Amino acid sequence: MRKKIGLVLALVSFTLFSTVLLIYMWPFPDSGWDYYTEPSIFSAMEEVDVNGIIYSLEPYMWRDFMPSSPPDGKPLIVIVRIRALGVDIFPSLTKIERLWLIDGLNVISALPTEELSVNGNVLEMVFRNGPKWGPGITVDVIVKLNDNNFPFCVKAVNQTIQRTD
């Protein structure tokens, strides 16, 4: 009898632990967002010079509260524009590897999306289905780029999450 109770308790504990782990690791189902961090994000600069090209970040974030939205609004949408000063065309070997949003102790990240465009020396990418932070709060936005196997991060600080009504 004790073996059966022990087995049931072990199974319940394993199931509960697995469920909590899944909820923690994938809080935004099918959205591409997670809690992954890297130490390099905390030392990111607002402008980074790589081989004479100066990279800077221009993010825009908003939550939709239009009448067709749920009462608590739609998840965050982030558009990042990476500007490459010193060239006419954005370098084709420079790619976005990850995006982070930092709100105090809350850090959330997303992998690159397929919503990518290049217009002259500006690369633009859209990240959808983010957290339901804000609107009206300010966050730091960090993007990790990779230029021909040279990874680096660029940031924009105190960026306000906007809202549409």
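The values are calculated or read from the model by the stated rules, or taken from the named source; none is laboratory data. Remember, predicted model here, so these are calculated numbers, not experimental data. Cβ: placed from backbone, ideal geometry, glycine included. Neighbour counts: every protein chain shown.
Does R81 fit the bill of being part of a strand (DSSP E or B), crowded, with 19+ Cβ neighbours inside 10 Å and either not polar (S, T, N, Q) or not assigned by TED's automatic domain parsing to the domain that holds E46 (or both)? Spelling it out, it is not the case that R81 is part of a strand (DSSP E or B), crowded, with 19+ Cβ neighbours inside 10 Å and either not polar (S, T, N, Q) or not assigned by TED's automatic domain parsing to the domain that holds E46 (or both).
Any residue in segment 94-108 that is under 24 Å from F65 (Cβ atoms) and in contact with a Lys or Arg (Cβ under 6 Å, 6 or more places away or on another chain)? Among the residues of segment 94-108, not one is under 24 Å from F65 (Cβ atoms) and in contact with a Lys or Arg (Cβ under 6 Å, 6 or more places away or on another chain), which makes the answer no.
If you go through segment 97-110 and keep only what is surrounded by fewer than 20 Cβ atoms within 10 Å (Cβ to Cβ) and not in a loop (DSSP other than H, G, I, E, B), you end up with E97, I102, D103, N106, V107.
Every condition in (1) hydrophobic (A, V, I, L, M, F, W, C); (2) out of contact with any strand residue (DSSP E or B) (no Cβ under 7 Å at 6 or more places or on another chain); (3) at pLDDT 95 or above holds for V157 except the one numbered (2). Here D140, D88, D72 are screened, and the one residue that is part of a loop (DSSP other than H, G, I, E, B), modelled with pLDDT of 95 or more and not hydroxyl-bearing (S, T, Y) is D88. Inspect segment 83-105 for any residue being β-branched (V, I, T) and over 27 Å from N51 (Cβ atoms) and give the result as yes or no. There is at least one residue in segment 83-105 that is β-branched (V, I, T) and over 27 Å from N51 (Cβ atoms). With respect to the stated conditions, D165 is loosely packed, with under 15 Cβ neighbours inside 10 Å and at negative phi.
Residue selection: P75 satisfies the criterion of being in contact (Cβ under 8 Å) with a residue 12 or more places away in the chain, buried (at least 16 other Cβ atoms within 10 Å of the Cβ) and more than 21 Å from V48 (Cα to Cα). Residues considered: T19, T37. Of these, the only one that is surrounded by 10 or more Cβ atoms within 10 Å (Cβ to Cβ) and either modelled with pLDDT under 90 or not assigned by TED's automatic domain parsing to the domain that holds E115 (or both) is T19.
For T113, indicate whether it is outside any loop (DSSP other than H, G, I, E, B) and either surrounded by fewer than 17 Cβ atoms within 10 Å (Cβ to Cβ) or in contact with an Asp or Glu (Cβ under 7 Å, 6 or more places away or on another chain) (or both). No: the conditions fail for T113.
Checked against (1) farther than 27 Å from F150 by Cα; (2) among the aromatic types (F, W, Y); (3) not in a strand (DSSP E or B), W62 passes all but a single condition, namely (3).
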